[in-house]
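Enquirer: Below you will find the structure I want to go over with you.
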Amino acid sequence: MGRLDDRVAVITGAGRGIGREIALAMAKEGARIVVNDLGGNTDGSGTGKVADDVVNEIRALGGEAVSNTQSVADVAGGASLLQTALDAFGQMDVLVNNAGILRDRTIFKMEESDWDAVLAVHLRGHYCCSRPFANYIREQNRTGCRIINFSSVSGLYGNFGQANYGAAKAGIAGFSRVLALELAKYGCTVNTISPGALTRMTIPLRENRGQSVSDQDIEAGGPQHIAPIVTWLAGLESAGITSEIFHSARGGVSIMQQPRVIKSFHKSGGVWTLEELDRYVPELVKARRENLENAERTGKPVEI
Ligand SMILES: NC(=O)c1ccc[n+]([C@@H]2O[C@H](COP(=O)([O-])OP(=O)(O)OC[C@H]3O[C@@H](n4cnc5c(N)ncnc54)[C@H](O)[C@@H]3O)[C@@H](O)[C@H]2O)c1
């Protein structure tokens, strides 16, 4: 008995890296898998057959899988994911929005095409793939479904040289919070992953800093470390856990803060003067810094 027996999962960008590991892990738990990947380069150019390779790997392990090579960045591609799942397996229960590309530039050099391509695959891609699935859930009144989205510390914390990617990844966190509200009625949870893994997306960034990547590094920090939390969230055991952001990297699994007001002042009878703000804004910033220090203390991993 696998935890995902009788479930059908669609995983975008599953031909490589984190998505491939998720597809293999979910198949091992009994899920039938749609492996989506258009097989392009890290910057989004080109196409390839990596989705078929992962389908063959899953079948060799005794699992069931079919490929879909459409782009997540267009509406027809997104709709084709649901259709592939229905044609092959008659149902869909889980969507993992994992596909991604990178086009790092500082704002000074970021061309419109770099901005548009990254926003299209990540943020628009989440919309294109989620909307058909959400409508299917509503039309079928299908309960217990799961959407698992992919954000990044690049958007949640900020990262130099990634304004396009960071904007898309922060947008995905907001998108997920809204979908969690809109799909709650159907028992569909919507959670966000902030991963950290050595893949073809991140290895070159490390190598550009003059750091080599060994097999031991991959063992300690490869994409296989992200698959378990995603697989767990895909199961029925995660019912009721929604709108959360889980960070996962190098054997760690963590939960992130959500934006909330942490300190406020209120002035009755009149608008604030700039002199009053001279006094109170630094107190707000101090409270925010203390809150961050506290989170950094409580966020230190507990060894199990
Ligand atoms: N690796 C990390 O440390 C890290 C950190 C933060 C966030 N992420 C996110 O995790 C996800 C997976 O990243 P990865 O490191 O495994 O990268 P990866 O490059 O190894 O895999 C991404 C896959 O997405 C596919 N893809 C790209 N555009 C597509 C499109 N339009 N339609 C369908 N497939 C498409 C690619 O062909 C590729 O196989 C991405 O969303 C990435 O932004 C990764």
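Please treat every number below as a calculation from the coordinates, not as lab data. This structure is a prediction, so every number in the text was calculated from the model and none was measured. Virtual Cβ from ideal backbone geometry, glycine too; neighbours counted across all protein chains shown.
Enquirer: Under the condition of being buried (at least 18 other Cβ atoms within 10 Å of the Cβ) and farther than 18 Å from Ala173 by Cβ, which residue from the range 191-200 is farthest from the ligand (Cβ to nearest atom)?
Expert: Result: Leu198.
Enquirer: Which residues, counting only those in the range 211-269, are part of a strand (DSSP E or B) and either of a type in the set (S, T, N, Q) or without any contact (Cβ under 8 Å) to a residue 60 or more places away in the chain (or both)?
Expert: Filtering the range 211-269 for residues part of a strand (DSSP E or B) gives 245-249, 252-255.
Phe246, Ser248, Ala249, Gly252, Val253, Ser254, Ile255, listed by residue number.
Enquirer: Within the range 45-83, how many residues are assigned to a helix (DSSP H, G or I), out of contact with any strand residue (DSSP E or B) (no Cβ under 7 Å at 6 or more places or on another chain), under 16 Å from Arg131 (Cβ atoms) and within 13 Å of the ligand (Cβ to nearest atom)?
Expert: Within the range 45-83, the subset assigned to a helix (DSSP H, G or I) is 50-60, 75-83.
Now restrict to residues that are out of contact with any strand residue (DSSP E or B) (no Cβ under 7 Å at 6 or more places or on another chain): 50, 53, 56-57, 60, 75-79, 82-83.
Next, only the ones that are under 16 Å from Arg131 (Cβ atoms) stay: 75-79, 82-83.
The next check asks that each one be within 13 Å of the ligand (Cβ to nearest atom); those that pass are 75-78.
So the answer is 4.
Enquirer: Would it be correct to say that Val35 is of a type in the set (A, V, I, L, M, F, W, C), out of contact with any Cys (no Cβ under 8 Å at 6 or more places or on another chain), assigned to a strand (DSSP E or B) and more than 14 Å from the ligand (Cβ to nearest atom)? Steps first, please.
Expert: Values: of a type in the set (A, V, I, L, M, F, W, C): yes; out of contact with any Cys (no Cβ under 8 Å at 6 or more places or on another chain): yes; assigned to a strand (DSSP E or B): yes; more than 14 Å from the ligand (Cβ to nearest atom): no.
The answer is no for Val35.
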